[in-house]
Amino acid sequence: MRKILLILLFLGLVMACNQKTETASPTVVAEDVNIRLAVVPIVDCLPFYYAEEMGLYDSLGLHLKLCPFEAQNDCDTALLGRSVDGAFMDTERFAFHRKRGVSLVQEMQTEGEWALLSSGMLRIKKMKDLGNRVLGLPQHTAENLLADQALRQADMKPAALVRVQVNSYRTCASMLENNQLDAAVLPEPFATEARLLGARQMYEARGAEKSRGAIVFCSKYVADKSHAKFLELLRRGYNQAVDSLNKHGVKCCLPILLNHYKISQQVADSLHLPRYSHVRATK
């Protein structure tokens, strides 16, 4: 009787393991992706989020996969490691990689809003009051150019601020809020969030400074002639998205801002989107 019970127990365990294996190993269907694009939660990338969310790319026949990251350097890592085909990258960072011999192609220009803000806990009213203060921003990015321009307008030298590297926009905004940084250069929507939490705006991007973002691809991807149609559809979907964003504003992309950008309703209600322009190939 004992042997029979042991045999039945063994058979029961085998059957249970087989059932778990069948449940845990469904048939894998290969994903047909034309473009894998690394993006960050800033207004430069919002048209891509909107186009994907609204099915604009699906309707055009482009299988786009957005790969969200919190910082530009994370996008760089994904692009240089070939886990994505293209990525958001500002023009200063693009030039930095090109000087290092990285083979990249700038396919599209994006539009965004950037601002230099000081901590609301400091008694600072003008740029000169920031002398020898700590400024948070990523290295080798357009934020550094914006900081330099703000300093020049205030007749201050670039070395007047102590610059520390903070790669994540979200982390940088949080550090500014908690007075761990004296100042920061932030893109939208993080600049709006910082202002609502008491930060003081010291300088804002103007004119050509607003268009320092770009969508960059690995040269090998662009060199493949079969990818030309995918890049054209990427631009067409972007242009359709900006038409809707320009017409309807924040209200048409509110779920994206709340769920993907992870900002509050208050920040979304106060956010002003740029007037997006249609894009063309930059080559």
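Here are the numbers:
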{"read-out": "The chain: relative contact order as a whole-number percent, Cα under 8 Å and 6+ apart", "value": "26"}
{"read-out": "Shape call, region 114-209: gyration tensor on alpha carbons, a/c limit 1.5", "value": "rounded"}
{"read-out": "Region 68-134: Cα Rg divided by the 2.2 N^0.38 Å rule of thumb", "value": "1.54"}
{"read-out": "Between helix 228-248 and the chain: long-axis angle, C-alpha atoms, 0 to 90°, nearest 10", "value": "60"}
{"read-out": "Surface share of carbon and sulfur [accessible, 1.4 angstrom probe, percent] for the chain", "value": "52"}
{"read-out": "For the chain, built as a Gaussian network whose Cα springs stay under 10 Å, the top-fluctuating residue of Ala191, Ala159, Ala205", "value": "Ala159"}
{"read-out": "Assigned charges on the beta-carbon of Lys, Arg, Asp, Glu; the chain dipole about Cα centre (debye)", "value": "460"}
{"read-out": "Assigned charges on the beta-carbon of Lys, Arg, Asp, Glu; region 114-209 dipole about Cα centre (debye)", "value": "320"}
{"read-out": "With Cα atoms, 0 to 90° folded angle of helix 142-153 axis to the chain main axis", "value": "10"}
{"read-out": "Across Lys126/Lys262; Lys65/Lys225; Lys126/Lys157; Lys65/Lys229; Lys65/Lys220, pairs whose alpha-carbon gap is larger than 24 Å", "value": "Lys126/Lys262"}
{"read-out": "Separation between Cα centres of region 76-102 and region 224-283, rounded to whole Å", "value": "21"}
{"read-out": "Whole-number Å³ per residue for the convex hull built on Cα positions in the chain", "value": "202"}
{"read-out": "Cα convex hull volume per residue for region 165-257 (Å³)", "value": "156"}
{"read-out": "Acute angle (nearest 10 degrees) that the helix 2-24 long axis makes with the longest principal axis of the chain, alpha-carbon atoms", "value": "40"}
{"read-out": "Reach of Lys128 by Cα under 18 Å, taken over aspartates and glutamates that are not fewer than 8 positions away in the same chain", "value": "Asp148, Asp155, Asp182, Glu204"}
{"read-out": "Global form of region 133-176, assessed from the alpha-carbon gyration tensor, a/c cut-off 1.5", "value": "prolate"}
{"read-out": "Full-extension gain in nm, Lys247 to Arg275, via 0.36 nm per residue minus C-alpha separation", "value": "9.1 nm"}
{"read-out": "Mean Cβ neighbour count within 10 Å, used as a protection proxy, ranking 108-118, 228-238 highest first", "value": "108-118, 228-238"}
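The values are calculated or read from the model by the stated rules, or taken from the named source; none is laboratory data. The structure displayed is predicted, hence computed values, not measured ones. Cβ coordinates were reconstructed from backbone atoms using ideal geometry, including for glycine residues, and neighbour counts include every protein chain displayed. Remember, those area values only see protein heavy atoms, side chains included, never the ligands or the DNA or RNA. Shrake-Rupley method; radii C 1.70, N 1.55, O 1.52, S 1.80 Å.
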